[in-house]
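Novice: Handing you a structure now.
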Amino acid sequence: MNPFFFGSQARRLFGAYDPPRGVGRRGAVICYPWSREYLLAHATIRQLARALSSAGFHALRFDYYGTGDSGGDETEVGHEQWLADVATAVDELKEISQLSHVDLVGLRYGAALAAGAAKGREDIDRLVLWEPVVDGRAYLSELGVPPLAVCPAGDMDVNGTVLSARLHEEMEAITPTSFGRGLPRTLILESAGVKDAHEPLRARLAENGVDC
């Protein structure tokens, strides 16, 4: 595992790159979940990167701006900015690996970001949505966050993570319709206990011509 910083001087992102064993013919950018789920899943994501490396993948995982070891402040961040971070990570891995196409893997909220970043990009071969957040309001409710309409104005603490009013609004807007056209071949991963929980998403993708 090779830790490094990438991105622009004004927007430094921290990444961890696992090179492939043998000749690497594929690459995967892994998108973390958010808030407490980032901490809970960190070791799992690390193991995933190692497994991909063992299977011959160039694997890159990274912290969004304002999170983890990346630069920036939590109050500066937003969904659109993080979509740009995913795009930057894709370009970085392509440069490192000298591959023309890579895959995107996202867990929970990271899956929503991966899908958003993959839209319309011809250099994304495959998209893996691992327990994707498809209902932003329900997701925030799971984290103990009331609807924006009844929240006081300003930033709030969510399990030790700052949730700004802007990010709150952007997260609430996530629905199956957010996963629109222009996505590559997509795999949805569910836990055993929540079979068919993402059927509305699968149906939405099928309607939009996505091989899911």
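Novice: Any idea what the relative contact order of region 3-43 is, in percent, if you count C-alpha pairs under 8 Å spaced at least 6 apart? Walk me through the numbers on the way to the answer.
Specialist: Details: 21 pairs, mean separation 9.5, N = 41.
So the answer I get is 23 percent.
Novice: With the full set of protein chains in place, find how many percent of the accessible area of the chain is carbon and sulfur; take the probe as 1.4 Å. Write down the numbers at each step before the final one.
Specialist: Values: 5020 of 9950 Å².
The C+S portion of the solvent-accessible surface of the chain is 50 percent.
Novice: Accessible area per residue, 1.4 Å probe, Å², for the chain: what's the number? Display every interim value, and only then the final one.
Specialist: Values: 9950 Å² over 212 residues.
Solvent-accessible surface per residue comes out at 47 Å².
Novice: Show me, for region 155-164, the HN-Hα J-couplings you get by feeding each phi into the Karplus relation (A = 6.51, B = -1.76, C = 1.60, θ = phi - 60°), rounded to Hz, glycine and proline as x.
Specialist: Each residue of region 155-164 in turn: 6, 9, 8, 10, 6, x, 10, 7, 10, 7 Hz.
Novice: Report the relative contact order of the chain, percent, no decimals, based on alpha-carbon pairs under 8 angstrom and at least 6 residues apart.
Specialist: Values: 432 pairs, mean separation 38.8, N = 212.
That works out to 18 percent.
Novice: Provide the packing ranking of 183-190, 143-150, 109-116, i.e. peptides ordered by the mean count of other C-beta atoms within 10 Å per residue, highest first.
Specialist: Working: 183-190: 17.4, 143-150: 12.1, 109-116: 26.4.
Packing proxy ranking, top to bottom: 109-116, 183-190, 143-150.
Novice: So what's the net charge close to T186: Lys and Arg +1, Asp and Glu -1, counting the other residues with Cβ under 10 Å from its Cβ?
Specialist: Numbers: positive: R126, R185, R202; negative: D211.
Cβ neighbours under 10 Å give a net charge of +2.
The values are calculated or read from the model by the stated rules, or taken from the named source; none is laboratory data. Remember, predicted model here, so these are calculated numbers, not experimental data. Backbone-built Cβ (ideal geometry, glycine too); neighbour counts: all protein chains shown. In case anyone asks, the SASA skips ligands and DNA or RNA and just uses the protein heavy atoms, side chains included. Shrake-Rupley method; radii C 1.70, N 1.55, O 1.52, S 1.80 Å.
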